[in-house]
1. Please work out which residue is nearest to K97 (Cα to Cα), limiting yourself to segment 135-160 and to residues that are outside any helix (DSSP H, G or I) and not β-branched (V, I, T).
2. Are any residues in segment 158-203 closer than 22 Å to E113 by Cα and of a type in the set (A, V, I, L, M), and if so, which ones?
3. Hey, among D129, D183, which residue is of a type outside the set (K, R) and either at pLDDT 95 or above or part of a strand (DSSP E or B) (or both)?
4. Has segment 22-41 got any residue that is more than 22 Å from Y184 (Cα to Cα), aliphatic (A, V, I, L, M), at pLDDT below 95 and open to solvent by 10 Å² or more (accessible area, probe 1.4 Å)?
5. Are there any pairs with C-beta distances below 8 angstrom linking a residue in segment 111-130 that is on the phi > 0 side of the Ramachandran plot to a residue that is open to solvent by 20 Å² or more (accessible area, probe 1.4 Å) and assigned to a loop (DSSP other than H, G, I, E, B), with the two at least 6 apart or on different chains, and if so which?
6. Can you tell me which residue within segment 1-20, out of those that are aliphatic (A, V, I, L, M) and out of contact with any Ser or Thr (no Cβ under 8 Å at 6 or more places or on another chain), is modelled with the highest pLDDT?
7. Search segment 19-47 for residues that are free of Cβ contacts under 8 Å to residues at least 12 places away in the same chain and pair each with any residue that is surrounded by 15 or more Cβ atoms within 10 Å (Cβ to Cβ) and part of a helix (DSSP H, G or I) when their beta-carbon atoms are under 7 Å apart and the residues are at least 6 apart or on different chains.
8. Please count how many residues of segment 189-217 are of a type outside the set (A, V, I, L, M) and either over 21 Å from K139 (Cα atoms) or open to solvent by 50 Å² or more (accessible area, probe 1.4 Å) (or both).
Amino acid sequence: MNKEWSELNKTMQKQLKKEDTYKSGIITLFELRNKLMKVLEEFKTELSAEDFSAIPFLNSEGYHSKTIAYSIWHIFRIEDIVAHSIINGDEQVFFEKNYKERINSPIITTGNELVKQQIADFSKQLNIDELYSYIQEVKDSTENIINNLSFDMLKNKVNHKTKEYLSSLNIVSEDENAIWLIDYWCGKDIRGLIQMPFSRHWIMHTEACLRIRSKLK
């Protein structure tokens, strides 16, 4: 893991545990996310449409076995779901702003159910400009939600009704590679969700994207 990102992530986790430092933890979190977002934005200026859907590690295991377009989609669909449907209880950016049609996506899920060539084929369909509009809106809306959380709210756990609601939205595939996500999210408190997927999840997939980009070069 990138040393700077790792250290920021560790610092943030420690800060969020104490009431007198949790606001500093949010500042640290946003600093980390801004650094990661800068890397993702660099891809948009550096890479071609073909690069975004390239899958150079097709038969490998790990996050780098995807495409860059898929990885970006995956990071932010999960964040949108967790921030809005779980934490804030309001409408996801994806649905509110009609991003399915705008991005030209054949799915509304996190994409966990897709494998190998399915990931490449999915990536080729996406409107990259609209995908980037989406991720910026999700990032901004998530950070607005986080800014309004009190320390005590970080201890709140996901209730059973939220779990049922998530299932009803059909935003997580029933495929075995995806269905576990709902139980995973619903087993955490809000502090845990901030740590994963709002920070560590970004790091893992961004590093995978960098590995893909290096291979393409």
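The values are calculated or read from the model by the stated rules, or taken from the named source; none is laboratory data. Source: prediction; values computed, not measured. Here the Cβ is made from the backbone with ideal geometry for all residues, glycine too, and neighbour counts use every protein chain on show. For the accessible areas, the whole protein counts, side chains as well, though only heavy atoms, and no ligand, DNA or RNA atoms are used. Shrake-Rupley method; radii C 1.70, N 1.55, O 1.52, S 1.80 Å.
1. Within segment 135-160, the subset outside any helix (DSSP H, G or I) is 148-151, 156-159.
Filter once more, keeping what is not β-branched (V, I, T): 148-151, 156-157, 159.
Values: N148: 22, L149: 24, S150: 28, F151: 30, N156: 28, K157: 28, N159: 27 Å.
So the residue we want is N148.
2. L166, L169, I171, V172, A178, I179, L181, I182, L193, M196, I203
3. D129 is the lone residue from the list that is of a type outside the set (K, R) and either at pLDDT 95 or above or part of a strand (DSSP E or B) (or both).
4. For segment 22-41, residues more than 22 Å from Y184 (Cα to Cα), aliphatic (A, V, I, L, M), at pLDDT below 95 and open to solvent by 10 Å² or more (accessible area, probe 1.4 Å): absent.
5. K116/I55; K116/L58; K116/N59
6. Ranking the candidates gives L16 first.
7. What qualifies is T21/Q15; S24/Q15.
8. 7
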